[in-house]
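Asker: Please read through the structure below; I'll follow up with questions.
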Amino acid sequence: MPSTDQLTAADARRALEGLLDDAPTIASGLPGGFMDLAQRLVELLLEGNRRVNLTRVTSADDIARLHLLDSLAALPEIDRLAPAHAIDLGSGCGLPALPLAMARPGIGWALHHHSRWGTVWSDMKRVPPIHDQTGAGGGGQLVLVDEYDGGVSNVDAAAKAVALMGDAELALLAHHGVFVLGGNVNAVYWRAASLEWRCRNAWLVEQGGGGPGVPQIVHDTFGRSDGTRFVGYWETAVRRELRRDPALAATVGVEVAGT
């Protein structure tokens, strides 16, 4: 029997289909399978919202209009610019980047978010030390961006925050959150998970009286990584979602073994 979230997601899909009848330019540019992905995105959003307050928009009609259609409204401009990469700074529960990424899978997207332990260190305006190999996973340099010239909805302020990262691949945005870059989704996922582990462990070690960081050889070994050569983190997350949703697995044409 479908859950309440699944039923709402299905209703949101139908509502979006109705809204797109009045937006033929956007509708004609959506790839095959987009509606299946959008419905699953809504379902995951509603499930997550029961654990963490992600959004106040939870009715099917409002989700279709304020989350999905509002995100897709940027498609004509994105198609005009035809970027290879795009950044969603201040991505609220993955919007508008996730619907846009599903509509234009050829574009590389970067999202800024507020992870729990990463935000703790950004609030302290300190870069946490690395205490174990897991915290060094994915490589990359972590910097603190302390300058704040306004919300990232301001294009100039967002551009300045990115510029201040320099050549670093990871940043703590003071009093704001974290920003992670990578060459593909595997690298970003591994780096984001490793950064959150690093921040959590550094906090716990500090509460226990502190301790030395990892030896320099760990920095040297993992620091050279571009995040793309480790298989496991991203693949495990994908398999978990496919097992939870056999219909999604069928949509993308894969069979997932195991339970």
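The values are calculated or read from the model by the stated rules, or taken from the named source; none is laboratory data. Computed from a prediction, not measured in an experiment: that's the story for all the values here. As a convention, Cβ positions derive from the backbone with ideal geometry for all residues, glycine included, and neighbour counts pool all protein chains shown.
Asker: Taking TRP109, is it outside any loop (DSSP other than H, G, I, E, B), buried (at least 17 other Cβ atoms within 10 Å of the Cβ), hydrophobic (A, V, I, L, M, F, W, C) and in the same structural domain as ALA171 (by TED's automatic domain parsing)? Walk me through how you get there before you give the answer.
Answerer: On the way: outside any loop (DSSP other than H, G, I, E, B): yes; buried (at least 17 other Cβ atoms within 10 Å of the Cβ): yes; hydrophobic (A, V, I, L, M, F, W, C): yes; in the same structural domain as ALA171 (by TED's automatic domain parsing): no.
So TRP109 does not fit the description; no.
Asker: Another question about this same structure. Taking the range 48-66 as the region of interest, how many residues are in a helix (DSSP H, G or I) and buried (at least 16 other Cβ atoms within 10 Å of the Cβ)?
Answerer: 5
Asker: Here is a follow-up. What are the residues in the range 203-220 that are free of Cβ contacts under 8 Å to residues at least 60 places away in the same chain and either surrounded by 13 or more Cβ atoms within 10 Å (Cβ to Cβ) or touching a Phe, Trp or Tyr at 6+ places or on another chain (Cβ under 6 Å) (or both), if any?
Answerer: GLU206
Asker: If we scan the range 67-82, do we find a residue that is under 30 Å from ALA12 (Cβ atoms), among the hydroxyl-bearing types (Ser, Thr, Tyr), buried (at least 17 other Cβ atoms within 10 Å of the Cβ) and not assigned by TED's automatic domain parsing to the domain that holds TYR189?
Answerer: Checking the range 67-82: at least one residue is under 30 Å from ALA12 (Cβ atoms), among the hydroxyl-bearing types (Ser, Thr, Tyr), buried (at least 17 other Cβ atoms within 10 Å of the Cβ) and not assigned by TED's automatic domain parsing to the domain that holds TYR189.
Asker: What pairs can you find where one residue is in the range 1-24 and farther than 19 Å from LEU46 by Cβ, the other is β-branched (Val, Ile, Thr), and their Cβ atoms are less than 9 Å apart, with a gap of 6+ or different chains?
Answerer: Once the first residue is farther than 19 Å from LEU46 by Cβ and sits in the range 1-24, its partners that are β-branched (Val, Ile, Thr) give LEU20/ILE26.
Asker: Pick out the one residue from ASP149, ASP123 that is loosely packed, with under 15 Cβ neighbours inside 10 Å, touching a Lys or Arg at 6+ places or on another chain (Cβ under 7 Å) and more than 18 Å from LEU41 (Cβ to Cβ). Explain how you work it out, then say what you get.
Answerer: Values: ASP123 fails: touching a Lys or Arg at 6+ places or on another chain (Cβ under 7 Å).
Matching residue, one of ASP149, ASP123: ASP149.
Asker: Tell me which of these ASP167 doesn't satisfy, since it passes every other one: (1) assigned to a helix (DSSP H, G or I); (2) acidic (Asp, Glu); (3) closer than 26 Å to TYR233 by Cβ.
Answerer: Only one criterion is unmet by ASP167, namely (1).
Asker: I'm trying to understand the selection: among the residues of the range 170-210, which are out of contact with any His (no Cβ under 9 Å at 6 or more places or on another chain), in a loop (DSSP other than H, G, I, E, B) and within 18 Å of ARG116 (Cβ to Cβ)?
Answerer: Answer for the range 170-210, where residues must be out of contact with any His (no Cβ under 9 Å at 6 or more places or on another chain), in a loop (DSSP other than H, G, I, E, B) and within 18 Å of ARG116 (Cβ to Cβ): ALA174, HIS175.
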